[in-house]
Structure formats: C-alpha cells, structure tokens
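The values are calculated or read from the model by the stated rules, or taken from the named source; none is laboratory data. Note that the structure is a prediction, hence the values are computed from the model and not measured. Cβ atoms come from the backbone with ideal geometry, glycine included; neighbour counts cover every protein chain shown. Keep in mind that these areas ignore ligands, DNA and RNA; they rest on the heavy atoms of the full protein, side chains included. Shrake-Rupley method; radii C 1.70, N 1.55, O 1.52, S 1.80 Å.
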Amino acid sequence: MFKKSVYPLFLLFVTYILFSSHDAKTIIAGIAIFLIGMVFMEDGFKLFSGGMLEKILEKSTSNLPKAITTGFLATTLVQSSSLLSIIVISFLSAELISLSGAIGVIFGSNIGSTTTAWIVSSFGVKINIAYYAMPMLIFGVMFRFNTNKTLQGFGNILIGLGFVFLGIGYMKDGFEALKSGLDLAQFAMDGYLGVFVYIIVGMIATVIIQSSGATMALIITALATGQIEYVNALSLAIGANVGTTVTAVIGSLSSNENGKRLAVAHFIFNIITGLIAIVFLYQLAQLVDIVASFLTIANDDYSMKLALFHTIFNLIGVLVIAPFTSKLVTFLEKLFQTEEKDISRARYLDNIVITVPEAALQALKKELIHLYDNATEVLSHALSLHRHTYIGIGKNIDEVVKSSTLTIDINIDDAYKHKIKSLYGDIISFATQAQDNMNAADKDKIYSYKIACRDIVEAIKDVEKLQKNVNRFMRSKNKHIQDEYNIIRIGIAKILDGIFLLRNTHDDLESLAKLRVLEGEMKNLDIVQTGRIDELIRHQLIETKMATSLINDSMNAYNLSNKLIHIAHVLWIEDKEIRTLGVE
C-alpha cells in the first residue's frame, strides 16, 4: 500500500527535475541507461553461460572458503550481484546448497560487486568511454539476432556493456555541465555529522535506483568531476553498501523462509561492515593511502582510491564476520520457523526457484519424490501393509506380507484427495510455467517428469482396483487364492522396497541393473504369462469367478509395478542414454 502511494509521488518528483534542469536530466538519463545495460548483461550471461553458473554454484559451495571465492569470482564475471542472489536463493529453496554455503556466496558477492567501482574509476572517468559504447552496441545487436543461443547471449552482454559505458558517459557529461552552474562541493560537510548525512543520502540513492553498482558509478563520476569531496564520497559508498540491504529485505518479503534467512544474513553483514567503516573511517582512509601508494595509484586519483576503499571495507567485513558463520547459521535457522508443512502441498516450489532452470528442475525432482513417498504410503495401506514393516529394513518380505493379515481401513479416494491431488496439481502447474525459461534438453526433462507424475497418480488408481479383492482373499479359506493374492502383495512390496534401496545408489549402471532385477519380479505378477492360472483352473483349485478376478487383478498389479519402475528410471537414473536404455 505504501509503495503504491509513494510511487506516483516519486514519478512526479522525477518529472519535475527532468523539466527543470537539463543537466540533471542528462545525469538521470545516464543512470537509466546504465541500469538497462546491467539488465542486458544479466540476461546475456544467462543465455551465454547455458546454466554454467548454476552448475558451478552447485558444486563449489561445500565449504565456506570455496563459497566465498565462488561468490567473488561469479559476481566479478557477471557484474550482477542481484542475478547471483536470485540463483543462490533458488538453490537454497531447492536444498541444492546449504545455508552456510549460500551465506558464503553472498559474502564473496559483496567483495565481487566492488569491481564495478574499479571499472568505472579505471576507464569510465579517464577516457571517452562512450566512444567505445557504439561499436559494442552495433556488434551486440548483430549477435543478438543470431539463431544460436550462445551468440545471442554474447550479443546481449555486448549490448549491456555498451549501455553501461554510454550511461557512465552521460553521467560524467551531466556532472561536468552541472558544475558550471551549480557546484555541489560547496555543500560538503566535515566531521561525523557529514559522514552520517552522506551515508543516509547513499542509502536513499541505492534504495531508489535499486542498484549499488549504479549508485557507485554515480558517486565516482560526481567525485571525478569535483562535484563532491573525497571524504563525503567515502560516506556515500558506505551508504550505498548499507542501502543494498534494504533492497534485499524488500525483495525477500515474498520469498520462502530460506530467502528471508539469507536476506537477514545479508542485512547483518552489511550493517556490521558499515558500522566498522563508520567507526574507523579516517583510519581506513589512511590505510587506503598506504595501499594506494603500494599499487602505484596517484595521490590525487580519488576515484581509484574510492574504489579501493570500497573493496577494503567489504574485505574487512568478510574477515571479521566469516569466522562466526556457524553461529550465524544457528541463529538464522531459528528464525521464520513455521509449522510442519502440509504433506499434500508442495515444499520446494516457489516463484524464486522457477526463474532458475537448474534449480527449478531439482525442485521438481524433489517434489516428485515427495509425491512418490505419499503414494508409497497409500499403495502400502491399500495392500494392508505398513511401510515401516518391510521397506528398507532387510527383513524377509514374503514372511512380513504373509503375517500381515489385518485389514487396513483406507479410503483410496479420500487418500488421493488429501495426499496426492493438490500436490499433483502444484507440480504440473509449476512444470508448465518453468519450461518457458528452458532450453530443449531441459524441456525434455520436464516432459519426463510430467509423465512420471501421471504414472504415480495412475498407480493409485490401479491399486484402488486391487484393494477390495486383496482384503477379501488374503484371509480366504481357499489356500490357493490366498497364496495368489499374497504373490501380488509380495511382488508390489518387493518393487517398492527395491526402489527405496536404489535411491542412494550413485552409479546409474548399478541402478539400471537393480531395476532389471525388479522387472523380473514384475513378470511373476502376470498370472497368465506364468501359466499359473491354467494350473489353477485345470485342477479346479479355485472357482471361475475367482479366476476372472485374479486375471484382472494380476494385470492391474503388473501395470502398477511397471509404472513404479518407470518412475524409478526417471527419478533415480541421471544419465539420459542409460535412462532411455532402461525404459526401452
């Protein structure tokens, strides 16, 4: 509500500035062009990398030093801490990385985001950077319309860089023109009063612009053209850093508990880092002078010194806070705790995860396993078995099944409505939306997940057809029909147990071999193919009505088991060729 009421006022304020000052209009246009460039670079890297960044993050966050290094390198490369934050929150929501690993990436990202200041201070204010923007935009557009996704991504990156350079050029021109009519340096403030005022200005600017990189570019160009004093620029940089936490907190409001925890971690990091920079501002400024002389940065090159200051205080923040990460994780895990989630609804699917294909696929897989586990309970109860008595415990399943003669009263329709239907709908809806951002290979995987999801639902319907006769004949006085229905129960139970045992197998060929064994168990369920029904009828061991029921039920059990094995192929064999071989 607040945002809706403030936004029109903000638009009116910007409109007034645009029509009242030509120089201010040039600066604001520079900011807008810079932000467009950042968006193009972000989109371009997504296309160009083809999911490479996601794969690196998934495999490079096993410990804190690796996570920090990964966060630093990734942000330095893509020049977008926001893109990295989205991926990290998505992976955290899908449980692909730990909270500790995600925090480490954010720590590293804070250091990596300072490279924008280095680029602007090194090139943007020292050369006619807009001159180089034009060729980038021209070649970027040419690549953008190529049919190859990688070249399209490279084109977007070039367009993004072109706009970033052009934006910096506009900001620089605007400040230089503004200086002739209004010298903002006359409003410079000394002492800690000036520090706090400029920190607040930096925070507000970052919250409005929604990009600390753009804010830093604005500060550096203002400093380079003499519009602000060096000490005040340092305070603005601190404010820009703190301002990103406000953006992160606002962005996390619609995310799940993991997203909120990560936003709190980001907030704590930037606040503590900001406090350190404020308390030791003048000492840090002296440290910057020492390091600058070592790096052969000129004494009056305040733009480069500002970039160095930005890096140093973020680096100090990581060095101070990183040793306490485990305590921070413990604290964060106590926040935003909710009641145990309804098993009938999705646990891993949300609007943040859906934006990152790798995370979306993993979240879908986890949700499918969740649906499969719900279905396993329904299937077991329909056969008058309890999962804990036979799945994964190494007992003789034949004996367990034969001794389980008490009927479990379960209404399959009710169980379907309360444990399957809503979750099934969540998965299909998410899968359909997620595939819009995916390449052909990922869409193919989505399709296989949808089929597996359908198989789970149809397995429930198959077992519903079995339930009545299983409960009727498993205690029959006719030992022959009792044995046959126990064969059905044993066969399905062995397949459920076998699938459970292969879930932790990391060798796809070994998993395929285990599924081949289960297919052998499945064939034993077809009473017509095995010839058992002929023997029973020929020797009049069962009644004719029993025989027709048994033929139908054995086929239902066979179809059900076939679906379960197909589901296992999709969920627990990663290699596409091996999976295809198994299905064939």
- prompt: Hey, any hits in segment 91-113 for a residue that's more than 24 Å from T330 (Cβ to Cβ) and either in contact with a Cys (Cβ under 9 Å, 6 or more places away or on another chain) or buried (at least 24 other Cβ atoms within 10 Å of the Cβ) (or both)?
  reply: yes
query: Can you pull out the residues in segment 448-465 that are open to solvent by less than 80 Å² (accessible area, probe 1.4 Å) and either of a type in the set (K, R) or not in a helix (DSSP H, G or I) (or both)?
result: K450
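Within the group I157, I208, which residue is at pLDDT below 80, open to solvent by less than 80 Å² (accessible area, probe 1.4 Å), at negative phi and aliphatic (A, V, I, L, M)? Spell out the reasoning first.
Details: I208 fails: open to solvent by less than 80 Å² (accessible area, probe 1.4 Å).
On inspection, the qualifying residue turns out to be I157.
Based on what the data block shows, is N411 in contact (Cβ under 8 Å) with a residue 24 or more places away in the chain and farther than 21 Å from H566 by Cα?
Numbers: in contact (Cβ under 8 Å) with a residue 24 or more places away in the chain: no; farther than 21 Å from H566 by Cα: yes.
For N411, the condition - in contact (Cβ under 8 Å) with a residue 24 or more places away in the chain and farther than 21 Å from H566 by Cα - is not met.
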message: For segment 387-409, which positions are crowded, with 18+ Cβ neighbours inside 10 Å, among the aliphatic types (A, V, I, L, M) and assigned to a loop (DSSP other than H, G, I, E, B)?
response: I391
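Looking at the structure I just gave you, is S384 modelled with pLDDT of 90 or more, touching a helix residue (DSSP H, G or I) at 6+ places or on another chain (Cβ under 7 Å) and part of a helix (DSSP H, G or I)? Full working, then the answer.
Details: modelled with pLDDT of 90 or more: yes; touching a helix residue (DSSP H, G or I) at 6+ places or on another chain (Cβ under 7 Å): yes; part of a helix (DSSP H, G or I): no.
Against the criterion (modelled with pLDDT of 90 or more, touching a helix residue (DSSP H, G or I) at 6+ places or on another chain (Cβ under 7 Å) and part of a helix (DSSP H, G or I)), S384 does not qualify.
From the list N270, N258, which residue is farther than 21 Å from F196 by Cα, in contact (Cβ under 8 Å) with a residue 60 or more places away in the chain and in a helix (DSSP H, G or I)? Reasoning before the result, please.
On the way: N270 fails: farther than 21 Å from F196 by Cα.
Every option except N258 fails the conditions.
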message: Which pairs turn up if I take residues in segment 283-298 that are without any contact (Cβ under 8 Å) to a residue 24 or more places away in the chain and look for partners that are open to solvent by 80 Å² or more (accessible area, probe 1.4 Å) with beta carbon separation below 9 Å, at least 6 apart in sequence or on another chain?
response: D289/N299; A292/N299; S293/N299
query: For residues in segment 543-583 being open to solvent by 10 Å² or more (accessible area, probe 1.4 Å) and not in a helix (DSSP H, G or I), which is farthest from R472 (Cα to Cα)?
result: D575
- request: Out of the residues in segment 425-442 that are surrounded by 15 or more Cβ atoms within 10 Å (Cβ to Cβ) and modelled with pLDDT under 90, state the one that is nearest to the chain's Cα centre (by Cα).
  value: A434
message: So I420 passes all but one of these: (1) open to solvent by 30 Å² or more (accessible area, probe 1.4 Å); (2) aliphatic (A, V, I, L, M); (3) closer than 24 Å to R454 by Cβ. Which condition number does it fail?
response: (1)
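Residues are listed down the side, and each one gets a yes or a no for (1) modelled with pLDDT of 75 or more; (2) part of a loop (DSSP other than H, G, I, E, B):
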{"site": "K46", "(1), (2)": "no, no"}
{"site": "L53", "(1), (2)": "no, no"}
{"site": "L57", "(1), (2)": "no, no"}
{"site": "K66", "(1), (2)": "yes, no"}
{"site": "F72", "(1), (2)": "yes, no"}
{"site": "I86", "(1), (2)": "no, no"}
{"site": "I89", "(1), (2)": "yes, no"}
{"site": "L92", "(1), (2)": "yes, no"}
{"site": "E95", "(1), (2)": "yes, yes"}
message: Suppose we filter K445, K468, K419 for residues that are in a helix (DSSP H, G or I) and free of Cβ contacts under 8 Å to residues at least 40 places away in the same chain; which single one remains?
response: K468
Selection from segment 12-31 of residues that are at pLDDT 75 or above, open to solvent by 50 Å² or more (accessible area, probe 1.4 Å) and not hydroxyl-bearing (S, T, Y): L12, K25, I28
query: Do any residues in segment 348-369 that are over 17 Å from K443 (Cβ atoms) and outside any helix (DSSP H, G or I) have Cβ atoms under 6 Å from those of residues that are open to solvent by 10 Å² or more (accessible area, probe 1.4 Å) and of a type in the set (A, V, I, L, M), where the two are at least six apart or on different chains, and which pairs are they?
result: I352/I89
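Would you check which residues across segment 274-332 are of a type in the set (S, T, N, Q), under 26 Å from G202 (Cα atoms) and in a helix (DSSP H, G or I) and list them? Spell out how you get there, then give the answer.
The first filter runs over segment 274-332 and keeps only residues of a type in the set (S, T, N, Q), leaving 283, 286, 293, 296, 299, 303, 311, 314, 325-326, 330.
If we keep only those that are under 26 Å from G202 (Cα atoms) too, we end up with 283, 286, 299, 303, 311, 314.
If the condition is that a residue be of a type in the set (S, T, N, Q), under 26 Å from G202 (Cα atoms) and in a helix (DSSP H, G or I), then Q283, Q286, S303, T311, N314 are the ones that fit.
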query: For D497, all conditions in the list (1) among the acidic types (D, E); (2) open to solvent by 80 Å² or more (accessible area, probe 1.4 Å); (3) at pLDDT 85 or above hold save one; what is the number of the exception?
result: (2)
- request: Go through segment 354-380 residue by residue and tally those that are under 19 Å from G491 (Cα atoms) and either open to solvent by 40 Å² or more (accessible area, probe 1.4 Å) or in contact with a His (Cβ under 7 Å, 6 or more places away or on another chain) (or both).
  value: 2
task: Report yes if L509 is of a type in the set (A, V, I, L, M), open to solvent by 80 Å² or more (accessible area, probe 1.4 Å) and touching a residue at least 40 places away in the same chain (Cβ under 8 Å), otherwise no.
output: yes
message: Where the second residue is not in a helix (DSSP H, G or I) and the first is touching a residue at least 12 places away in the same chain (Cβ under 8 Å) and lies in segment 528-540, which pairs have Cβ atoms under 6 Å and are six or more apart or on separate chains?
response: L536/I542
